[in-house]
Amino acid sequence: MILPLTKATTGGCVAAITIQPDPKDAALELLRTAVGSNVADFRLGQWEAIEALLRRERLLVVQRTGWGKSVVYFLASRLLRQRGAGCTLLVSPLLSLMRNQIEAAKRIGVRAETINSENSAEWETIKRDLSQNRVDVLLISPERLANDDFVRRCLLPIAGRAGLLVVDEAHCISDWGHDFRPDYQRIVRLLQALPKNVPVLATTATANRRVVADVEKQMGPNLRTMRGPLARTSLSLQNIMLPAPEARMAWIADQVPNFAGTGIIYVLTKRDARTLAGWLQSRGIDAQPYHSGLKPHERLDMEDALLQNRVKALVATVALGMGFDKPDLGFVIHFQRPASVIHYYQQVGRAGRALEHAHGILLGGEEDDEIADYFIRTAFPTEDEIEEVLWILRDSDGPVKLGALENRVNLSSGTLRNVLKFLLVESPSPIRKSEAGFVLNPVRWTIPAVRMEQITSLRRIEQKRMQEYMATSECLMQFLVRELDDRSAARCGKCVNCRGQGLPTQPPEELEKAALAFLSGDAFHIVPRQRWPGAPGFEGQRGMIAEELRTSPGRALCHWGDPDLGKLVRTAKWQTGKFSERLVEAAAELIRQQWCPQPPPLWVTCVPSQRHPTLVPDFARRLAEALGISFVECIRQIKETAPQKTLQNTSHQAHNLEHSFEVDRRLTRHEPVLLVDDMVDSRWTMTVLGAKLRQAGSGPVYPFALADSSHEGDN
């Protein structure tokens, strides 16, 4: 290696010679150490990006997944540190991404640390090391920037001497990005607070011209964009329309055993993750559900199992999205159509990064548009939801705690938190959060209705483009990368449309029948509530529900939106006014052969309704006959209540039922009882009536509903 020489002369004599290694050679040596190969070389554009950061430029790098964006910021961090720069601040969206990146950093001698909810025991040590300049890279989530204590005690002391700011998945900054996250707006404020000479690297694989322009605008002047080709040459893409969920379940069970390696099967809801994983397990395929409802250590265990090939597939929501890196992933299957072409490109791009061939299969279903519409409708809080929160804050004498807000608004806990987050990241923000609670800011602010409507309209266009992608006869990869404004888009030669042939488009009929039977027998659990709602108390009761008043675990026969049984429930509820004999038989079979509660129920009662006075009692009476036990109408509704579905807040749902029912002690039997209703959602009706039955002297109360109508989110 030839190194340049620097001479310092005095009176024509050489006073000193300092050897300065070429930075590219030094970076290449680090790269080869990181990947464990003496012949590894930079991919096109990698060194150019590193060199720009060494010159303290500000970059937006748009490159395909698997290109090696992390190589750029870790090598740049190492070289900048050698030049005396301070710690790199790396903002990443997912804890799984942070974990993978910390391990990658170690291989080139970079000490990377993270402060997140999972390592609180290490916070003080990390903060001390940061103050003493012993940390090379600090990884944080954008949500961490919302923590005032973290910003004040940890971030501000090192921000003034930061060596580099990295924003991973930078499309999240943009309102127009497919995965906009409000917390990313705080990064823009952080950028404005940094010294002007701090280099900045923003990276993404999924940004079209509109998103790039918005990121450039928000991150300030002098942000240079470097783009590369986005086509994934290893992927063999195919789209298959199978409207019925049981057909898609059968197709997956038939084809996955034939795929080499391991993979991811993406679904849109947590319920589908559990159901599809259970179905595959029943067919001898080692698949595990992965979603945001799992505990953090459970998610890490699932990721490790896939990384180490201990499972065939994870059936995952978008909780397993950005940041999960398994280069030899052999397939990605979508059980439903994602919301946009860009969502799909990002997710299917997890497959085949280090393989010559991998499958990317998109299955379309009849529920796709309904789910996509729901996510579009709920992307922003409504004006009424925003005004309800602001009105309470205006009407209050001082700060309002979150719990007090929950008791006063008719919003679910999740919706309330989304409203508060939306307001907090607005600029200027109409509210602020303090230790004492939430208060109004003295600023002029109006709801950005035009911007919200424009973004909603864009989401509708994206949904339409995804429908077009599902049906297109042109090259599928070319369609995808053209949506990302890649001018180099060309036919891939590997997708089903280029080759003219692909995998089977229909599952075996016997397997589809088995999947339908699985769905019909896949009962849903009704988990007992443990606590009464907060202040004010419920009928004089507060805190934990006494053990002797709690319901036992219950079951629902199906989900409201399911095929087959779900359709039968809907038809009876809204059309015929009578539940079919098949629902009676299915319920009796579930209770006797699958559920088998112990001790078994010896009588049946039901939830009364003034709107449909005969619907549920008629079903409960016939169910009791099928089970060979007695039916007793011992519960009476004494006050008309609002439908529970119209109440979003758990406290409101419970108090809606106060003093609405009474149980006739003379009719109540001192034996285990099956409490029957047609629908279950919040579980408060079952909880309240279960407690009243126990107070009246009944034995254990087993809730049973024909359909679970609760909604579960996307991740």
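Read-outs: derived from the displayed coordinates by stated rules, not from any lab. What you see is a predicted model, and the numbers here were worked out from it, not measured in a lab. Heads up, the Cβs are rebuilt from the backbone with ideal geometry, glycines too, and the neighbour counts pull from every protein chain shown.
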- [ ] Please list, in chain and number order, the residues 5+ apart from Asn239 or on another chain whose amide H is under 5 Å from its amide H, with Hs placed from the backbone.
- [x] Leu362
TODO: Scan the chain and hand back the longest stretch that contains none of the trypsin sites (Lys or Arg not before Pro) lying in DSSP loops with at most 10 other Cβ atoms within 10 Å.
DONE: 197-443
Open item on the list: Full-extension gain between Arg161 and Thr472, please, as 0.36 nm times their residue separation minus the C-alpha to C-alpha distance.
Closed with: 106.8 nm
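Across all directions of projection, what mean area in square nanometres is found for the Cα convex hull of the chain?
Values: hull surface 146.9 nm².
Convex hull of Cα atoms, orientation-averaged projection: 36.7 nm².
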Task: Listed residue (Met470, Leu89, Ser488) projecting farthest to the positive dipole end of the chain, Cβ model - done: Leu89
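Could you tell me what percent of the DSSP beta bridges with both partners in the chain are antiparallel, to the nearest 5?
Details: 19 of 83 bridges.
Just about 25 percent of them are antiparallel.
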Task: Long-range amide H partners of Ala202 with built H, under 5 Å - done: Leu59, Leu60, Val61, Val167
Task: Within the stretch 319-404, GluC sites (Glu not before Pro) in DSSP loop having at most 11 other beta-carbon neighbours inside 10 Å - done: Glu356
Task: Where the Cα pairs of the stretch 24-227 fall when distances are cut into 5 Å bins, in % - done: 1, 7, 17, 21, 22, 17, 10, 4, 1, 0
TODO: Report the far tail of the P(r) of the stretch 232-299, meaning the percent of Cα-Cα pairs longer than 13 Å.
DONE: 71 percent
Task: Amide proton proximity set for Asn441, modelled H, under 5 Å, gap of 5+ - done: Ile431, Arg432
Task: DSSP-loop chymotrypsin sites (Phe, Trp or Tyr not before Pro) across the stretch 552-638, with at most 16 other Cβ within 10 angstrom - done: none
Open item on the list: Cα atoms only: what Rg and Dmax, in Å, come out for the stretch 521-708?
Closed with: 15.5, 44
- [ ] Anything in the chain that counts as a DSSP H helix reaching 30 Å or more along its axis (C-alpha) with Kyte-Doolittle mean of at least -1.0? List them, would you?
- [x] 449-471
Open item on the list: Roughly how far apart, in whole Å, are the Cα centres of the stretch 366-394 and the stretch 34-55?
Closed with: 45 Å
Task: Dipole-positive endmost among Leu423, Gly502, Val607 within the chain (Cβ charges, Cα centre) - done: Leu423
- [ ] Evaluate the distance, in nm, between pseudo-label points positioned 7 Å from the Cα of Gln541 and of Gln308 along their respective Cα→Cβ axes.
- [x] 4.6 nm
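Which of His334, His670 comes first, and how do the rest follow, when ranked by fewest Cβ neighbours within 10 Å? Let's see the in-between values first.
Numbers: His334 24, His670 10.
Exposure proxy ranking, most exposed first: His670, His334.
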